[in-house]
Amino acid sequence: MGSILDSAAAAAPDAPYEVGQYWEYTHEGPRPGATEPNAIDGRRILHVLDNVTVDANERWIIQERFTNDPNIIGRLHIRGDRMLTAAVIENEKKESLTLTYDSPIPHQYVDIDVGGRMQLETALVTQPGDFTLPIAIEITRLDDETIQTQAGRFADCRHYSSVTDLVFDIKIAKIPVKEHRQWWYSDEVGATVKEIYSKDPVKFGTWSKGGYTSTSTLSAFGVRSVSDEAQAAAINDVNVIATALANRPTHRNWKAILCIVACIAAGGVILVRHKMGAKHT
């Protein structure tokens, strides 16, 4: 029919994911990347919603949600080489924030040898909001380790650590934000089996937020059905992202930067903690 979008129900044998695949984690602490250092605990769930093709480029769409923080759902758009290209964050009113990477970043699996190091520079572009946020990431691969979880014992997990630096340049000042992450990736389940995230305290004038640490540990994994609603939302993301790319900002919207409360999560994904429909003066 000439559409740029096709939905694939089945994956190729060498595909990184399978539609319906899920990973469920016990979670302790705040949502990784959250501005507020308030613990939500509960469960963290990643679920592969669909595999779509856009202009001949494959994208896997993986939903992330937290059982004790249900009002915000994120959908990650990941290439077949496990590089994260974009994310759509949706609140309970179905309002969405679209984030696209100037240069994709690795999602969970990083193709470096033990002892190797990777340095990345990219930028996140937001719609709505019309601003660009530069990001610097340094990833190191440590010695492989065996990790025991509720879901089983996973030998020879790829152990990574990363440091992410962001600077919110709001014209009158620059606010640095630093995040640290350790994670253990298992080839057996095709995903992270444990993640420890920490965020340094942030201070700007008289305003400050304390730092915190959160931990997610695999408790279950497998394949489960995807609801029609979730799959439709995933497919609709493609049009949303295309619109965002077509309207990339050519300037910095200082008011938007000051008003949007943002945080980095899931390998650098911003999760808005503010109601996206709110108006500011």
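The values are calculated or read from the model by the stated rules, or taken from the named source; none is laboratory data. This is a predicted model, so every value here is computed, not measured. All Cβ positions, glycine included, derive from the backbone under ideal geometry; neighbour counts span all protein chains shown.
Taken over the range 154-180, the criterion of being surrounded by fewer than 20 Cβ atoms within 10 Å (Cβ to Cβ), among the aliphatic types (A, V, I, L, M) and assigned to a strand (DSSP E or B) is satisfied by ALA155, VAL163, VAL167, ILE175. Restricting the range 60-97 to residues that are modelled with pLDDT under 90 and of a type in the set (A, V, I, L, M) leaves a set whose member that is surrounded by the fewest Cβ atoms within 10 Å (Cβ to Cβ) is ILE72.
A quick yes/no check of all residues on (1) at pLDDT 95 or above; (2) of a type in the set (Ser, Thr, Tyr); (3) surrounded by fewer than 16 Cβ atoms within 10 Å (Cβ to Cβ); (4) under 25 Å from GLU90 (Cβ atoms):
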| residue | (1), (2), (3), (4) |
| --- | --- |
| VAL114 | yes, no, yes, no |
| ARG117 | yes, no, yes, no |
| THR132 | no, yes, no, yes |
| ILE147 | yes, no, no, no |
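Only residues that are out of contact with any Lys or Arg (no Cβ under 9 Å at 6 or more places or on another chain) and closer than 25 Å to LEU245 by Cβ were counted across the range 100-120, and they come to 5. For the range 64-108, the tally of residues that are outside any strand (DSSP E or B), under 20 Å from THR164 (Cα atoms) and in contact with a Ser or Thr (Cβ under 9 Å, 6 or more places away or on another chain) stands at 1.
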